[in-house]
Amino acid sequence: MSSRAEDDEEALKWATIRRGILSEQGQSREVDVTDLGLVEKRNFLERLVKIAEGDNEKFLLKLKQRIDR
């Protein structure tokens, strides 16, 4: 891969990371996370952590069930 292509890919990754879906009062919108206020950022991160914790819990429960068999 050329240096230019790698730079373009890196820029695309960062642009994707900066974008997020913010859901408020039943309506969703795409936002640039860097433009969020302090409270919005905190709420956004708390939701992401909840999702990760839920996924980890499901994974560990499935793993436990397999081991128990």
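The set of residues in the stretch 33-53 being in contact with a Gly (Cβ under 8 Å, 6 or more places away or on another chain) and either without any contact (Cβ under 8 Å) to a residue 24 or more places away in the chain or not in a helix (DSSP H, G or I) (or both) consists of 33 alone. All of (1) under 17 Å from the mean Cα position of the chain (by Cα); (2) on the phi > 0 side of the Ramachandran plot; (3) of a type in the set (S, T, N, Q) hold for residue 28 with one exception: (2). Return a yes/no flag: does the stretch 18-32 have any residue that is surrounded by 10 or more Cβ atoms within 10 Å (Cβ to Cβ), touching a helix residue (DSSP H, G or I) at 6+ places or on another chain (Cβ under 7 Å) and outside any strand (DSSP E or B). For the stretch 18-32, residues surrounded by 10 or more Cβ atoms within 10 Å (Cβ to Cβ), touching a helix residue (DSSP H, G or I) at 6+ places or on another chain (Cβ under 7 Å) and outside any strand (DSSP E or B): present.
Every read-out reported here was derived from the displayed coordinates using simple, explicitly stated rules and does not represent laboratory data. All values derive from a computational prediction rather than experimental measurement. All Cβ positions, even for glycine, are placed from backbone atoms using ideal geometry, and neighbour counts span all protein chains on display.
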